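Q: Structure below; questions to follow.
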Amino acid sequence: NRYCMMQEHEKAKVLQALGGKKGIIDSSVPALLFVFTQSIAHNLQISLIVALSTAAVLTTIRLINKDSLIHSFSGLFGVMICAAFAYFTNSPKGYFAPSIGKNAFFLSLYAFGNIIRWPVIGVVLGAILGEDTRWRKDKLRLRAYTMASWVWFLMFAIRFGVQYFLFHKDYLTALGIANIFLGLPLYLLTLWATWEIIKRVPTTSAAKSNQDN
């Protein structure tokens, strides 16, 4: 029926707006090979070359498949930053420092957004779904976006907590393995939970916003 069709259309927009599977894969694979090479060769430069080469190959594949430039270069750019940290700190575990910092930033951002009643998921999806900022006057929609943003906060908090602990314990191999589960599986679970929360509340139309006023 029409409602189901509208939901499928909104779902596609949500997945496109929050989608980042390719970037996660393109950053996780080089990280895993970096740890694997380091555990065998015990040579930082060789490990970095393997990681950067892998990222370059994945980027080339994205370009050949005519993916967007953002999707094509996001993974490569992330790997280059991680490699730079490891190189200049002369420490293999430095490779994971940028990821820890990124997760700390985003968990703070999502928490702050909810505290001031501007949930990040609402800000991102409001424009995509044609709600603009009207959803802030819709109590149910605001609550849904707030709950969804707490889900993303939890994802970044889990990533930060696990990575920070393993980083300071110098568990390099464990860091690499943990990143597999903290990457795509946790991200897909977060994406699924976000849609399950949002789909229960209709998008805020201009007419509905005027009624609430």
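The values are calculated or read from the model by the stated rules, or taken from the named source; none is laboratory data. For clarity, every value in this text was computed on a predicted model and none was experimentally measured. Glycine also receives a Cβ, built like all others from the backbone with ideal geometry; neighbour counts cover every protein chain displayed. Each accessible area value is taken on the protein alone, full model and side chains, heavy atoms only, with ligands, DNA and RNA left out. Shrake-Rupley method; radii C 1.70, N 1.55, O 1.52, S 1.80 Å.
Q: Within 10 Å, count the other beta carbons around each residue, average over each peptide in 133-142, 91-100, and list them highest first.
A: Values: 133-142: 17.9, 91-100: 20.5.
In descending order of packing, they fall as 91-100, 133-142.
Q: Then there's this: In whole Å, how far is the Cα centre of the stretch 133-176 from that of the stretch 107-127?
A: Spelled out, the Cα-based centre of one part sits 12 Å from the other.
Q: May I ask which of 137/199; 13/66; 22/199; 13/139; 66/93 have a Cα-Cα span longer than 28 Å here?
A: Details: 137/199 18 Å; 13/66 20 Å; 22/199 24 Å; 13/139 22 Å; 66/93 34 Å.
Pairs exceeding 28 Å: 66/93.
Q: Keeping the other protein chains in place, figure out the carbon and sulfur percent of the accessible area of the stretch 114-174, with a 1.4 Å probe.
A: Values: 2180 of 3280 Å².
Ligands and nucleic acids excluded, carbon and sulfur reach 66 percent.
Q: If you project the alpha carbons of the chain onto the principal axes, what extent comes out on each, in Å, largest first?
A: If we take the Cα atoms of the chain, the spans are 66, 38, 25 Å.
Q: I'd like the distance between the alpha-carbon centres of the stretch 37-66 and the stretch 77-101, rounded to an integer number of Å.
A: 14 Å
Q: In Å², and per residue, what accessible area does the chain have when probed at 1.4 Å with the other protein chains present? The partial results should precede the final answer.
A: Working: 11940 Å² over 213 residues.
With the other protein chains kept in place, the chain gives 56 Å² per residue.
Q: Any idea what diffusion coefficient the stretch 84-176 gets from Stokes-Einstein, in µm²/s, Kirkwood Rh on alpha carbon pairs, 4 °C, 1.567 mPa s? Numbers along the way, then the final one.
A: Working: Rh = 14.7 Å.
It diffuses with D of about 88 µm²/s by this estimate.
Q: To continue, here is another question. To the nearest 20 Debye, how big is the dipole of the chain about its Cα centre, given +1 on the beta carbon of each Lys and Arg and -1 on that of each Asp and Glu? Please list the in-between numbers first.
A: Details: 21 positive and 10 negative charges, 115 e Å.
The dipole magnitude comes to about 560 debye.
Q: Taking one equal scatterer on every alpha-carbon of the stretch 26-123, how large is log10 of I(q)/I(0) by Debye at q = 0.24 1/Å?
A: For the stretch 26-123 at q = 0.24 Å⁻¹, log10 I(q)/I(0) is -1.09.
Q: How large is the helix-only mean residue ellipticity at 222 nm for the chain, computed as the sum of -39500 (n - 2.57) over DSSP H runs with n ≥ 4, divided by its residue count, in deg cm²/dmol to the nearest 500?
A: Values: 10 runs with 171 residues, N = 213.
My calculation for the chain gives -27000 deg cm²/dmol from helical runs alone.
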